[in-house]
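Peer 1: Take this structure first; my questions come after.
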């Protein structure tokens with residue numbers, strides 16, 4: 001192809017909107033731009049951090065489709081999320097030699113496994129993608145998502161775990177005796193489970209410091225517990241301090257997670273991590289990163305917290321130094337960029 005672009009990256013998830021997919025698209029393209037020629041077509045979020053309106057999404061899709069029909073070809077057309085696959089299809093019709101890449105995140109494919117009319121319609125929509133883009137490569141951010149992609153009919157699948165910019169410069173040398181929870185305060189994230197089912201099993205239960213925003217008012221009532229100290233939404237530098245200061249960072253998600261980003265962040269900041277033993281979380285929290293426990297086994301959660309509490313200082317320091325180094329090496333954006341380019 002003459003006058004072609006190396007990589008055309010198309011996404012409806014972009015700053016100033018805030019979220020995991022937005023961070024992925026922004027940081028991946030920043031790293032790839034250091035070695036590759038990129039043409040980025042992105043829909044910015046709202047200035048207050050919210051996602052674009054439905055009208056903006058539809059207009060972006062139509063405008064980008066027309067642009068793809070008339071723009072010069074690209075060797076690679078990378079679509080930032082599976083739900084936007086029709087743009088990849090249009091690009092392949094206009095320039096059949098372009099290689100189509102789809103990035104898959106947790107909600108992209110997991111919603112298609114649900115019940116109800118909306119989930120069934122979405123499953124049909126995803127099934128159509130596998131038929132119209134049989135040669136596309138799907139990049140999954142965890143093995144669990146890769147398995148979902150395989151079950152839903154995608155043929156070429158590559159797993160590229162995510163990364164984090166939240167990391168400490170040096171390992172902490174002490175802890176405050178508290179647990180630390182970071183994330184959305186909603187039933188699926190398991191904060192109430194931890195406070196009501198796990199902490200009562202502990203002698204002299206530690207307090208749990210909580211950072212995040214309330215997404216469910218009923219779940220938010222747990223913040224009134226005397227065992228909870230609510231910190232609100234923290235800036236990245238404050239998160240680093242809280243992770244490193246905690247006795248243990250807990251990630252008690254009750255439902256499937258595409259990728260355990262909070263767990264990766266915590267370990268990279270020098271926290272001892274205890275997370276739910278399922279989906280993408282268990283892939284992040286390997287034995288050299290932290291500990292896992294089944295969500296229906298509060299006794300194991302309590303026993304693990306006690307074990308971490310009882311560690312001698314030397315054992316804790318040795319574990320944290322190793323796990324922090326491992327997490328920072330494993331979950332870096334330059335590694336994500338290298339692995340993604342290799343998948344091309």
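Quick note: the coordinates plus some simple rules give every number you see, no bench work behind them. Computed from a predicted structure; not experimentally measured. Cβ atoms come from the backbone with ideal geometry, glycine included; neighbour counts cover every protein chain shown.
Peer 1: For the stretch 179-199, name all the residues that are more than 22 Å from the chain's Cα centre (by Cα) and surrounded by fewer than 18 Cβ atoms within 10 Å (Cβ to Cβ).
Peer 2: Listed by number, the list holds a single entry, 196.
Peer 1: OK, next. Among what's in the stretch 34-56 and is more than 25 Å from residue 336 (Cβ to Cβ) and loosely packed, with under 14 Cβ neighbours inside 10 Å, pick the residue that is nearest to the chain's Cα centre (by Cα).
Peer 2: If we filter the stretch 34-56 for residues that are more than 25 Å from residue 336 (Cβ to Cβ), which is where we start, we get 46-48, 50, 53-56.
Imposing the further condition that a residue be loosely packed, with under 14 Cβ neighbours inside 10 Å reduces the set to 46-48, 50, 53-55.
On the way: 46: 21, 47: 22, 48: 21, 50: 18, 53: 23, 54: 23, 55: 26 Å.
Here the residue is 50.
Peer 1: So in the stretch 90-111, with the set limited to residues that are buried (at least 21 other Cβ atoms within 10 Å of the Cβ) and part of a helix (DSSP H, G or I), which one is nearest to the chain's Cα centre (by Cα)?
Peer 2: Once the filter is applied, the top-ranked residue is 106.
Peer 1: Show me the helices (runs of 4 or more DSSP H) found entirely inside the stretch 114-228 where at least 2 residues are over 30 Å from residue 317 (Cα atoms) and touching a strand residue (DSSP E or B) at 6+ places or on another chain (Cβ under 6 Å).
Peer 2: Working: elements: 117-132, 143-151, 217-220.
Per the criteria, 143-151, 217-220.
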